[in-house]
Amino acid sequence: MAGSRRGRAASDVRAGLVFVGRREELRSLVQALRVGPSVVLVKWEAGIGKSRLLREATGRLESATVMWGGCHPLREPLPFGPVIDALRSADLHIDSQAKLSTATAALAPYLPTVAWQLPKDERRAADPETGGDAQRSDRPS
């Protein structure tokens, strides 16, 4: 499941669903998210309530931006799949004054909406086997 939330979300409260159990897990998750910036891995078996726990935790944060991504059942693992999933789902705005590492250029194929703002990977552009940055335009149309 992917999503991005700001502040309190009360969809489950409006629906009349009460969050039961997982008090310690909820406390730990909220505490970790309040320290920020942070990355938290929530790992349990399917159907046990991970998404609900995340909704409850983000609903208790006052003004934090939380991005989340999921691990999809794939035959071949996708390195950094949940991170890419979270970044894609977020409404990303990169400050024009931001000093981004050239390593972030590797994200360009996965984040086409902000690819034009990422630094160019000069090593890839100089490598005739990779085809340079032919997939990437300077600005969105």
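The values are calculated or read from the model by the stated rules, or taken from the named source; none is laboratory data. Computed from a predicted model, the values in this text were never measured in an experiment. Virtual Cβ from ideal backbone geometry, glycine too; neighbours counted across all protein chains shown. Accessible surface is based on the protein model in full, side chains and every heavy atom, while ligands, DNA and RNA are left aside. Shrake-Rupley method; radii C 1.70, N 1.55, O 1.52, S 1.80 Å.
Between T65 and I48, the modelled label-to-label distance comes to 3.1 nm, taking each label 7 Å out from Cα in the direction of the beta carbon.
Using the 1.4 Å probe convention, the accessible area of the stretch 10-120 works out to 72 Å² per residue with neighbouring protein chains retained. In summary, the lysines within cross-link reach of K120, defined as a Cα separation below 20 angstrom excluding same-chain residues under 8 places away, comprise K99. Across the stretch 67-76, rounded Karplus estimates of 3J(HN,Hα) from the backbone phi angles (6.51 cos²θ - 1.76 cosθ + 1.60, θ = phi - 60°) give 10, 9, x, x, 8, 8, x, 10, 5, 9 Hz, Gly and Pro being marked x.
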